[in-house]
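Engineer: My questions will all concern the structure given below.
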Amino acid sequence: MKEIAVIGVGYVGLVTAACFADLGNRVTALDINEERIAGLKQGIMPIYEPGLEELVERNMRSKRLLFTTKYDEALESAEFVFIAVGTPSGVDGEADLRYVAAAARSIAENMPHEMIIINKSTVPVGTGDWVAEIVKRYQPRPLPFAVVSCPEFLREGSAIADFMNPHRTVLGSLDREAAEKVAQLHLALRAPIVITDLRTAEMIKYASNAFLATKISFINEIANICEALGADVKEVAVGMGYDKRIGPHFLDAGLGYGGSCFPKDVLALAHMAAEKGKHPQLLRAVMEINADRREFVVQKVRELVGDLAGKTIGLLGLAFKPNTDDMREAPSIDIANTLLAAGAQVRAYDPVAMENAQAILPDVQMFPDPYTMAEGTDALVVVTEWNEFKSLDLARIRKIMHTPNLLDGRNIYDPQTVRNMGFWYLALGRGYNGDGVFPAGAEKLIAAAD
Ligand code: NAD
Ligand code: UGA
């Protein structure tokens, strides 16, 4: 059993704290948000994440997981302190490090003894070095400490399973002994452990997110080409994915990536590169393709309904991905705002994100279920691929819509089945075989073969 403090009780901090507690450690989780901590003490989760409530409750009951707003309390007996505060985008696309700086300062001011400071937040390369400087500067008396980078790779919606079964643990430090101690803490996760220097560990996180985002923009570019040529991107992805060098993951074409991480991290990496005089052209293309998806989907709604003014458009899903209530950078925000600006009435249903969404999208009308939402609409758009949308009673939906236009932004339905049910159905990147669409110049070749 180790004594651990976790600073920041958001998606990463709360999951990290609860999982380390579940692995038998004693964890004190701290946040400066008093309401959040008061809620947690009463068992109220600040976020929706499958399995989190039970995990937190179980570990609170066994007194392995405590919550506080006081740094001295959190650090009192901690050997390891994890920083897991937010690093949102700053005005120019750089990572805003004010929360990391504040956390580092508070740790320094309240450090009662030697400790290892582990950074889990996604931070620009070099941050670990200046965290060490802050700690040195604000310690009331010099105490030994080490800084280790331990980037987090969990996904929202499957955060607990991802934390407990990581593909790898990455640790970076200039202090090998400290990194080895942090490695010991992670042994229970039975994943390969990569120990490297601080800056390389920080870079591994950005490079990983940028690569995954690139895969998504790549398949979205292929989707555009598929659509023009009458091929089906979904089957293209299956055919590509069997190649072990490519792999089947992150090849779902659709509305592009959203969320609190890919958009800000690709932008921050591009910013880091540009600041040093590099031209991150691939990263820029990744972002451009991603932004276009949100425009493109609205154009498709126009293809279905004509002029948007006065039309009622229903959104199936609002969260940036299924199994979360996180609305940060959700494609639904841009899509709803563009539809509203064009004069459409926009309504929506999401299993868990409506409360968060309503604060951001006050002009979107929320409905308690997909059927009342669909009633009288001129078009429905699948924005988030929640499982419950895959088994909707589409025959019922077809009957209650004003006009049965269905735009499948996540390619969850079988085009032929849905068209046979009487929907005007459009997907993204799923060219309709038999449309008679030929590549440019094909007519000439056919004529020449005669
Ligand atoms: P979040 O916004 O959900 O939570 C951050 C928490 O930190 C908030 O509760 C906030 O009140 C608290 N906080 C801010 N300043 C503080 C301070 N000085 N002291 C104590 N608490 C403070 O953020 P998140 O989504 O958990 O992300 C945290 C970091 O982890 C980011 O750098 C992010 O890029 C990275 N990350 C996130 C995910 C994810 O899926 N969300 C996955 C991997 C990595
Ligand atoms: C992502 C990474 O997957 C995590 O490894 C990482 O830790 C995290 O960012 C982070 O750094 O915060 P997350 O944003 O929770 O996790 O969710 P993903 O499942 O990666 O999805 C991100 C976005 O990409 C979603 O909007 C999703 O709809 C979209 N996506 C994903 C696609 O459009 N196509 C795909 O094939 C996969």
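The values are calculated or read from the model by the stated rules, or taken from the named source; none is laboratory data. Keep in mind the model is a prediction, meaning the values are calculated, not measured. Cβ: placed from backbone, ideal geometry, glycine included. Neighbour counts: every protein chain shown. Quick note on the areas: whole protein, heavy atoms, side chains included, nothing else; ligands and nucleic acids left out. Shrake-Rupley method; radii C 1.70, N 1.55, O 1.52, S 1.80 Å.
Engineer: Can you go through Val298, Val286 and tell me which one is surrounded by 23 or more Cβ atoms within 10 Å (Cβ to Cβ) and within 23 Å of the chain's Cα centre (by Cα)?
Structural biologist: Numbers: Val298 fails: surrounded by 23 or more Cβ atoms within 10 Å (Cβ to Cβ).
One residue alone meets the criteria, Val286.
Engineer: Of the numbered conditions (1) surrounded by 17 or more Cβ atoms within 10 Å (Cβ to Cβ); (2) in contact with a helix residue (DSSP H, G or I) (Cβ under 6 Å, 6 or more places away or on another chain); (3) farther than 22 Å from Met272 by Cα, Met115 fails exactly one; give the number of that condition.
Structural biologist: Answer for Met115: the failing condition is (2).
Engineer: Answer yes or no as to whether Arg176 is within 15 Å of ligand 1 (Cβ to nearest atom), out of contact with any Gly (no Cβ under 7 Å at 6 or more places or on another chain) and basic (Lys, Arg).
Structural biologist: no
Engineer: Find the residue count for the range 312-342, including only residues that are open to solvent by 40 Å² or more (accessible area, probe 1.4 Å), touching a residue at least 12 places away in the same chain (Cβ under 8 Å) and either of a type outside the set (Lys, Arg) or out of contact with any Gly (no Cβ under 8 Å at 6 or more places or on another chain) (or both).
Structural biologist: Qualifying residue count, the range 312-342: 6.
Engineer: Tell me which residues, restricted to the range 301-311, are open to solvent by less than 40 Å² (accessible area, probe 1.4 Å) and touching a strand residue (DSSP E or B) at 6+ places or on another chain (Cβ under 9 Å).
Structural biologist: Result: Val301, Leu304, Val305.
Engineer: Does Asp350 qualify as being among the acidic types (Asp, Glu) and open to solvent by less than 40 Å² (accessible area, probe 1.4 Å)?
Structural biologist: On the way: among the acidic types (Asp, Glu): yes; open to solvent by less than 40 Å² (accessible area, probe 1.4 Å): yes.
Against the criterion (among the acidic types (Asp, Glu) and open to solvent by less than 40 Å² (accessible area, probe 1.4 Å)), Asp350 qualifies.
Engineer: If you don't mind, there's one more thing I want to ask. Of the residues Val100, Val125, Val91, which is among the hydrophobic types (A, V, I, L, M, F, W, C), near ligand 1 (Cβ under 10 Å from one of its atoms) and within 30 Å of Gly258 (Cα to Cα)?
Structural biologist: Val100
Engineer: While we're here: Open to solvent by less than 10 Å² (accessible area, probe 1.4 Å), touching a residue at least 24 places away in the same chain (Cβ under 8 Å) and in the same structural domain as Leu380 (by TED's automatic domain parsing), is that true of Ala270?
Structural biologist: Yes, satisfied.
Engineer: Got a sec? Which strands (runs of 3 or more DSSP E) wholly within the range 134-233 have at least 3 residues that are buried (at least 18 other Cβ atoms within 10 Å of the Cβ) and in contact (Cβ under 8 Å) with a residue 24 or more places away in the chain?
Structural biologist: Per the criteria, 145-149, 169-173.
Engineer: Looking at Ile195, Ile246, Ile225 in this structure, which one is away from ligand 2 (no atom under 16 Å from the Cβ) and over 30 Å from Val6 (Cα atoms)?
Structural biologist: Ile225
Engineer: Turning to a different aspect of this structure: Which of the residues spanning the range 379-400 are farther than 21 Å from Ile333 by Cβ and open to solvent by less than 10 Å² (accessible area, probe 1.4 Å)?
Structural biologist: Ile397
Engineer: Across the range 234-262, which residue is surrounded by the most Cβ atoms within 10 Å (Cβ to Cβ) among those that are basic (Lys, Arg) and out of contact with any Lys or Arg (no Cβ under 8 Å at 6 or more places or on another chain)?
Structural biologist: Out of the qualifying residues, it is Lys244.
Engineer: Can you name the residue in the range 27-61 that is more than 13 Å from ligand 1 (Cβ to nearest atom) and of a type in the set (Asp, Glu) and, of all such residues, is surrounded by the fewest Cβ atoms within 10 Å (Cβ to Cβ)?
Structural biologist: So the residue we want is Glu54.
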